[in-house]
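Scroll down for the structure; my scribbles are underneath it.
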Amino acid sequence: QVQLVESGGGLVQAGGSLRLSCAASRSISSINSMGWYRQTPGNQRELVAEFSGGITNYEDSVKGRFTISRDNAKNTVYLQMNSLKPEVTAVYYCHAKPSTYNYWGQGTQVTVSS
């Protein structure tokens, strides 16, 4: 079982930056797949960025602007978001899949004003 606690969301003006943090309750070095998803009302949750099977993946629209990183010593995964646009406004969720089950954080709201 993995508990995920997210922070760093908020309101930012278009063109600004935010860094989301996801603190895990156990060592993340043993978790193969971790990443960030987002969801807007009426839509399904979609992948933003992830580490999975030794590969880093990004949703096409965020490439070059968002960066996923991890600090194993702090059991934390980050999502640095730069050049923010209103269309990325959503609830962002941390995700972990150590084996069979999917674990999710509580979500943190990111709102970008135009």
Given Cβ point charges of +1 (Lys, Arg) and -1 (Asp, Glu) and nothing else, what value in debye, to the nearest 20, does the dipole of the chain about its Cα centre take? 180
How much of the DSSP beta bridge set in the chain is antiparallel, as a percent to the nearest 5? 90
Once neighbouring chains are kept in place and the probe is 1.4 Å, which whole percent of the accessible area of region 1-46 is contributed by carbon and sulfur? 42
10 Å-binned pair-distance histogram of the chain (Cα, whole percent): 15, 50, 29, 5, 0
Putting +1 on Lys and Arg Cβ atoms and -1 on Asp and Glu Cβ atoms, find which of 107, 36, 21 reaches farthest to the positive end of the dipole of region 1-113. 21
Spin-label proximity, residue 82 to region 11-32 - amide N less than 15 Å from point 7 Å beyond Cα toward beta carbon: 15-20
Set of aspartates and glutamates with alpha-carbon distance to residue 74 below 16 Å, sequence-local pairs under 8 removed: 6
When averaged across all projection directions, what area in nm² does the alpha-carbon convex hull of region 43-104 cover? 5.2
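As an exercise, find the ratio Rg/Rh for region 1-58 from alpha-carbon atoms, using the Kirkwood inverse-distance average for Rh. Write out the running numbers ahead of the final one.
On the way: Rg = 13.4 Å, Rh = 13.4 Å.
On the Cα set of region 1-58, Rg over Rh gives 1.00.
Taking loop as defined by DSSP and a crowding limit of 13 other beta carbons within 10 Å, which trypsin sites (Lys or Arg not before Pro) in region 48-89 fit?
Values: sites: 63, 65, 70, 74; in loops: 63, 65.
Those that pass, being in a loop and sparsely packed, are 63.
The values are calculated or read from the model by the stated rules, or taken from the named source; none is laboratory data. Source: prediction; values computed, not measured. FYI the Cβ positions are ideal-geometry reconstructions off the backbone, even for glycines, and counts take in every protein chain you see. For the accessible areas, the whole protein counts, side chains as well, though only heavy atoms, and no ligand, DNA or RNA atoms are used. Shrake-Rupley method; radii C 1.70, N 1.55, O 1.52, S 1.80 Å.
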